[in-house]
Amino acid sequence: MDEKLFFTEEHEMLRQSVREFVERELVPHADEWEAEGMFPDWVFRRLGELGYLGLHFPEEYGGGGGDYFTNIVLMEELAKCGSFGVNTGVAVQIGMATPPILAFGTEEQKRKYLVPAIRGEKIACLGITEPEAGSDVASVKTYAEKVPGGWKVNGNKIFITNGYRADFMTLLARTDREKKGYKGMSLFLVDSDTPGYIVSRKLDKVGQWSSDTAEIFFQDMVIPEEALLGEEGRGFYNIMWELQGERLIVAVAVIAIAEVTLKQAIDYGRERIQFGKPVIKNQAIAHCVADLATELEAAKSLTYITAWRYDRGEYPVKEISMAKLLATQVAFRVCDEAMQFMGGYGYMMEYPVQKAWRDMRVSRIGGGTDEIMREIIATSLGLYA
């Protein structure tokens, strides 16, 4: 695929700038952040100072006014920092928690939340998943009850990326208990220092150690009327819109990580001698690499074409679901096979392949599981009609 179809000279200048930043300011600290279980807040502030958190947002809010492919450039270059958790934390900031503010927020909300988020002065998280409502978003139970002057919120969110240190949450809550399923939900913007907003614990995960993930409770948390984001009762529809961008940015990130991992495996295979020749020169290994490279290229092509349509205002739900499904499955297979190529060394903590293998697994769960993606695709194909 000729990437010049999607990336201009300006994109490549941005890529070089981000690459230099990553190599200079992130790579030296990646192992330290993994060990500490969290990358520091200054990363958000620095990304904001450089304009990288607002690449795709309008200039009037401090953004760069670029197209969607500016975000793709950022995700692809961040993938080389050595800590996938950084990609995930930044992706939530630029592609999940803040786009609904631009799309549905009032001018006051944009100034209060979006502008400082673009500057890296406020860290955002997205509150959808609950202990009993993961893929089944329509089963959300967190309830926002109307009270004089605002809303009283009670409930529980879990697996919240950036949740341990976020300054605010874009929250999905039920606002009408009489309406079942996807009806009667609304979005809110909630400051994390609000009384009753309780960060219960930082979760211990298999992978993506540098990305903080939290469980959060709301206990009689009162928020003002102006915390409502968008139209009351439209929360489910608005969050389904948000999930399309989330799934697309996940596809971009995992492909980039997989490309880095495959290169590491190839480099190892050229240096490792077994049976008198480099491992990579064994036909079984070479052919497997050829298959993986082909599948990665196919996933990238689908993702780029879908991103091109999304950037032009289309809403290609089927293709986004296909891209997310294909990209995450191929990317995990790349990491798994890379570990296999390297044998015992691949399983050792001193080599980065094990980290990619651990980090990649959650991509087939977060933002919509493989099973949910297949269900959306099947429905789009009219298979249940």
Inset, instruction - Answer yes or no: is there a residue in region 371-383 that is under 25 Å from Thr70 (Cα atoms) and not in a helix (DSSP H, G or I). - result: no
Inset, instruction - Please name all residue pairs, on different chains or six or more residues apart, with Cβ atoms under 6 Å, provided the first residue is in region 120-136 and is in contact (Cβ under 8 Å) with a residue 60 or more places away in the chain and of a type in the set (Val, Ile, Thr) and the second residue is part of a loop (DSSP other than H, G, I, E, B) and surrounded by 21 or more Cβ atoms within 10 Å (Cβ to Cβ). - result: Ile123/Asn162; Ile123/Ala166
Legend entry - Residue tally, condition under 16 Å from Lys80 (Cα atoms) and touching a helix residue (DSSP H, G or I) at 6+ places or on another chain (Cβ under 6 Å), over region 1-29: 7
Inset, instruction - Kindly indicate whether any position in region 146-157 is closer than 17 Å to Ala124 by Cβ, buried (at least 20 other Cβ atoms within 10 Å of the Cβ), of a type outside the set (Phe, Trp, Tyr) and not assigned by TED's automatic domain parsing to the domain that holds Ala30. - result: yes
Inset, instruction - Any residue in region 40-52 that's assigned to a loop (DSSP other than H, G, I, E, B): show its pairings with residues that are aromatic (Phe, Trp, Tyr) and surrounded by 15 or more Cβ atoms within 10 Å (Cβ to Cβ) at Cβ separation under 7 Å, as long as the two are six or more apart or on different chains. - result: Leu50/Phe21
Legend entry - Selection within region 371-385 - more than 20 Å from Tyr315 (Cα to Cα) and touching a residue at least 24 places away in the same chain (Cβ under 8 Å): Glu371
Inset, instruction - Could you tell me whether Phe44 is surrounded by 24 or more Cβ atoms within 10 Å (Cβ to Cβ), modelled with pLDDT of 95 or more and of a type outside the set (Gly, Ala, Ser)? - result: yes
Inset, instruction - Output the residue which, of all residues in region 239-274 that are in contact (Cβ under 8 Å) with a residue 40 or more places away in the chain and among the acidic types (Asp, Glu), is farthest from Lys183 (Cα to Cα). - result: Glu259
Inset, instruction - Among the residues of region 252-277, count how many are buried (at least 19 other Cβ atoms within 10 Å of the Cβ) and either in a loop (DSSP other than H, G, I, E, B) or touching a His at 6+ places or on another chain (Cβ under 9 Å) (or both). - result: 0
Legend entry - region 278-294, subset crowded, with 18+ Cβ neighbours inside 10 Å and touching a Leu at 6+ places or on another chain (Cβ under 8 Å), residue nearest to Glu246 (Cα to Cα): Leu292
Inset, instruction - Please tell me if Gly313 is surrounded by fewer than 17 Cβ atoms within 10 Å (Cβ to Cβ), part of a loop (DSSP other than H, G, I, E, B) and at pLDDT 95 or above. - result: no
Legend entry - Residue in region 69-120 that is farthest from Leu5 (Cα to Cα), counting only those that are β-branched (Val, Ile, Thr) and in a loop (DSSP other than H, G, I, E, B): Thr106
Inset, instruction - Determine which single condition Val137 fails, assuming it passes every other condition in (1) under 30 Å from Gly64 (Cβ atoms); (2) at pLDDT below 95. - result: (1)
Legend entry - Any hit, region 167-183, residues being outside the structural domain of Gln329 (by TED's automatic domain parsing), within 17 Å of Ile365 (Cα to Cα) and in a strand (DSSP E or B): no
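The values are calculated or read from the model by the stated rules, or taken from the named source; none is laboratory data. Fair warning: this is a prediction, and the values are worked out from it, not measured in the lab. Quick reminder, even Gly has a Cβ in these numbers, built from the backbone with ideal geometry, and neighbours come from all protein chains shown.
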